[in-house]
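Structure first, commentary second.
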Amino acid sequence: MKRALLIALLLLTCVQLASAQERKLPPVDEGASDRSWFLFKKRLQAAIDTRDKQYLLSILDRNVRNQSAKTRGVAQFRRQWELDTSDSPVWRELQAALLLGSAYMKRDKGPRELCVPYVLGKWPEEIEPFNNAVIVAKDATLRAEPSNGSTAVATLSFDIVPVVDWEVDDKTDSKQKWVRLRYRNRDGYVLEEHVRSPIEQAACFVKADSGWRMTGFAPAGGE
């Protein structure tokens, strides 16, 4: 009887520990209540749709953060994002970031910023950011193999999970990429677009007297 009770207690402890280790990061949009942000974001999304380079340049802070602290400024932003080409990645990356909510954050120096996506501002300090990511979709399917036809092994919604491999080719579709994750001691694959790292490209903005300004657009918001 005592042995059975001890085993039961051990099993309960294991379940509790597993539950405690499973973390979620549900989406938020902290800028949504600010009408000026709503209008600004709407205008910025229109600029993305029309590839309006001049508007994008007009909202950049003169000391905008880029890949590193040594490469700040509008000129470097323009070069870094190949803004003068017909297929600059800035439009795709900025659109993806804007679709994932927003969160305020305060750096050691400087004013409070509103950053998109929300992942950067809400990432738990106790979780290492380089080898973990969050599922940014509801009911994303974790599959046994990198293929939509593969067996579904779990359904994830806004879970924070360890990453084994950030980019895995689809078995049949050359355009589709997957992320290999570790979930409950088992590896599986989730569509790349459903996974976001806190150190991926993030755009940060500050509300000034003249309107919203982009203060950074780089991994983790820039340095």
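Here are the numbers for the structure shown:
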read-out: Restricting region 139-152 to residues that are part of a loop (DSSP other than H, G, I, E, B) and either among the acidic types (D, E) or in contact with a Phe, Trp or Tyr (Cβ under 7 Å, 6 or more places away or on another chain) (or both), the residue that is surrounded by the fewest Cβ atoms within 10 Å (Cβ to Cβ); value: D139
read-out: Unique residue being outside the structural domain of V64 (by TED's automatic domain parsing), of a type in the set (V, I, T) and either in contact with an Asp or Glu (Cβ under 8 Å, 6 or more places away or on another chain) or surrounded by 15 or more Cβ atoms within 10 Å (Cβ to Cβ) (or both) when the list is T172, T155; value: T155
read-out: Residue count, region 89-106 (criterion: farther than 16 Å from Q45 by Cβ and either touching a residue at least 24 places away in the same chain (Cβ under 8 Å) or of a type in the set (D, E) (or both)); value: 3
read-out: Test: residue in region 91-111 that is outside any loop (DSSP other than H, G, I, E, B) and among the aromatic types (F, W, Y); value: yes
read-out: Residues of region 1-54 satisfying the condition of being among the β-branched types (V, I, T) and either modelled with pLDDT of 95 or more or touching a strand residue (DSSP E or B) at 6+ places or on another chain (Cβ under 8 Å) (or both); value: V28, I48, T50
read-out: Check on A75, over 19 Å from the mean Cα position of the chain (by Cα), exposed (fewer than 13 other Cβ atoms within 10 Å of the Cβ) and in a helix (DSSP H, G or I); value: yes
read-out: Members of region 165-220 found to be assigned to a loop (DSSP other than H, G, I, E, B) and closer than 20 Å to A32 by Cα, listed by number; value: D209, S210
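The values are calculated or read from the model by the stated rules, or taken from the named source; none is laboratory data. Quick caveat, the model's predicted, so the values are computed rather than measured. Note that each Cβ is placed from the backbone with ideal geometry, even for glycine, and that neighbours are counted across all protein chains shown.
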